[in-house]
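Structure, as structure tokens:
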Amino acid sequence: GSSESSSSSNGESNSESSSSSGIQEMTIKISHVVAENTPKNKAAEAMAKHIEENSNGKIKVQVYPNGQLFDDKTEVKNLQANNVQFIMPDMSKMVGMNPAFNVPSLPFVFSTNEAAYKFWDGEKGQEILKSLKSEGIIGLRMWPNGPKQITNTKRPINSPDDLEGLKLRVQGGQVLASIFKNLNAGPLQLPFGQLYTALEQGTVDGQVNTFSNIATKKLGDVQKYITTNWGAARVDYALLTNQKFWNSLNEETKKVVQAGIDHGTKKARELAEKLNQEAFETIKKRGKMEIHELTPEERKVFQKALQPVYEEFKDEVGADVIKAAKAASA
Ligand code: LMR
């Protein structure tokens, strides 16, 4: 509504104003790029249902998975334009707006999902999520997926040497690219929607991802080897909304939407590990990929090889950010 006049003393209110009471009627769209049976989609559906059920039939929430509505490249712009009200991109795709979104790719930075929550719910994490205001975007919560495994068509990967010369698709971010440069592999950034075809056609030899994304997109049909227990980098999401939408909500509506966000966040965090474990079982059962589980000693070799990445990005990501991220695992 417009600011026609200052509010009168007779208690009249403009029913269209965002300051009036009553839940506003609206349709909310949520868009993301991954499959249905994933932590991100299950959490988005839980959030949608919670909002609808608590809105007295006023709010409809539509969830669009699989990049149906927007892909990696277009979802942020469409969020800014308020064509979609919530997205939850992989943070490594948000580094253009703030390099601190490289945090989930800092080598072995979080020992557990809980450590990642501690960081993103804490002071530094919140500062990063709230840093997009000048772009018209509000970062709300961190939703997890989990640690990355390595898949490829060429050979089993048990050591940094095995990666030499391989071309690998990466999600985004300077830190993830640097990980593979440090391991003498060639990183190539491609949107998630192009991943399967890129692997099938041999544009790249391999990629890194969670069990969940590997299984739900059936990457085993086009990848021969998988290395598990790697986890040098993670897939974690930033739940984002836009300011135009957020500021249009009156208090009562915002309460319902906020409760949905809290519920969705809880679901995401409950489901991430479970769905990734199930996805690993699915991969084993399908029997298409040869599985190589890194031993703790083999993992240490990767840890050592990737130490220089911290020095390289100390300034760009921020020494204070890195310190807080490391402290979350302590
Ligand atoms: C990827 O592009 O591999 C992932 O970031 C997709 C996702 O959203 O989990």
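What follows is calculated from the coordinates using simple rules that are stated; it is not laboratory data. This is a predicted model, so every value here is computed, not measured. Note: ideal-geometry Cβ built from the backbone for every residue, glycine included; neighbour counts use all protein chains shown.
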_Kirkwood-based shape ratio for region 178-262, expressed as Rg/Rh from alpha carbons_ = 1.16
*Does region 148-305 classify as rounded, prolate or oblate by the C-alpha gyration tensor (a ≥ b ≥ c root eigenvalues; a/c under 1.5 gives rounded; else a/b over b/c gives prolate, otherwise oblate)?*
prolate
*Histogram of C-alpha separations across region 63-219, 5 Å bin width, %*: 2, 8, 17, 20, 20, 17, 10, 5, 1, 0
*What list of ³J(HN,Hα) values in whole Hz, one per residue of region 281-286 in order, does the Karplus curve 6.51 cos²θ - 1.76 cosθ + 1.60 (θ = phi - 60°) give from phi, with Gly and Pro shown as x?*
4, 4, 4, 4, 5, 5
*Each residue of region 75-91 in turn: what ³J(HN,Hα) in whole Hz from Karplus with 6.51, -1.76, 1.60 and θ = phi - 60°, glycine and Pro shown as x?*
5, 5, 4, 6, 5, 4, 7, 6, 7, 9, 9, 9, 9, 9, x, 3, 4
*Could you pull out every residue, at least 5 positions away or on a different chain, whose amide H is within less than 5 Å of the one on Asp72? Hs are placed 1.01 Å off N in the peptide plane, and Pro or chain starts have none.*
Phe192, Gly193
*Return the long-range amide H neighbours of Gly67 (sequence gap of 5 or more, or a different chain), with a cut-off of under 5 Å between placed amide H atoms.*
His32, Val33, Val34
*Amide H partners (placed H, <5 Å) of Gln189, local residues excluded*: Val170
*Lysine pairs in region 75-180 with alpha-carbon atoms under 29 Å apart, 8 or more places apart or on different chains: how many are there?*
20
*Evaluate the charge dipole of region 56-124 about its Cα centre and quote only its size in Debye, nearest 20, assuming +1 on the Cβ of each Lys and Arg and -1 on the Cβ of each Asp and Glu.*
240
*Before anything else, pin down the relative contact order of the chain: Cα pairs under 8 Å, at least 6 apart, normalised by residue count, whole percent.*
27
*Measure off 7 Å from each Cα along the Cα-to-Cβ vector at Lys154 and Ile291, then give the distance between these two points in nanometres to one decimal.*
2.5
*In the P(r) worked out for region 277-330, what percent of Cα pairs fall beyond 12 Å?*
76
_Rg over Rh, two decimals, region 88-157 (C-alpha only, Kirkwood Rh)_ = 1.04
_As I understand it, the dipole of region 264-330 uses +1 on the Cβ of Lys and Arg and -1 on the Cβ of Asp and Glu, about the Cα centre. Which of Ala324, Gln307, Thr282 lies farthest toward its positive end?_
Thr282
*Relative to the Cα centre, what is the charge dipole magnitude of the chain, using +1 at the beta carbon of each Lys and Arg, -1 at the beta carbon of each Asp and Glu, and rounding to the nearest 20 debye?*
640
*If you project the alpha carbons of region 21-101 onto the principal axes, what extent comes out on each, in Å, largest first?*
40, 30, 23
*Ordered by residue, what ³J(HN,Hα) values in Hz, to whole numbers, does region 178-192 give under the Karplus form 6.51 cos²θ - 1.76 cosθ + 1.60, where θ = phi - 60° and Gly and Pro are x?*
5, 3, 6, 5, 4, 9, 6, 9, x, x, 10, 7, 9, x, 4
*For the chain, diffusion coefficient by Stokes-Einstein and Kirkwood Rh (Cα), 25 °C, 0.890 mPa s, µm²/s*: 118
_For Lys58, give me every one of the lysines with a C-alpha distance below 25 angstrom, ignoring sequence neighbours fewer than eight places off in its own chain._
Lys29, Lys40, Lys42, Lys49, Lys244, Lys254, Lys255, Lys266, Lys267
*Just for the chain, what percent of DSSP beta bridges are antiparallel, to the closest 5?*
50
_Just want the answer: with Cβ charges of +1 for Lys and Arg and -1 for Asp and Glu, which residue in Ala215, Ala177, Gly57 is farthest toward the dipole's positive end in the chain?_
Ala215
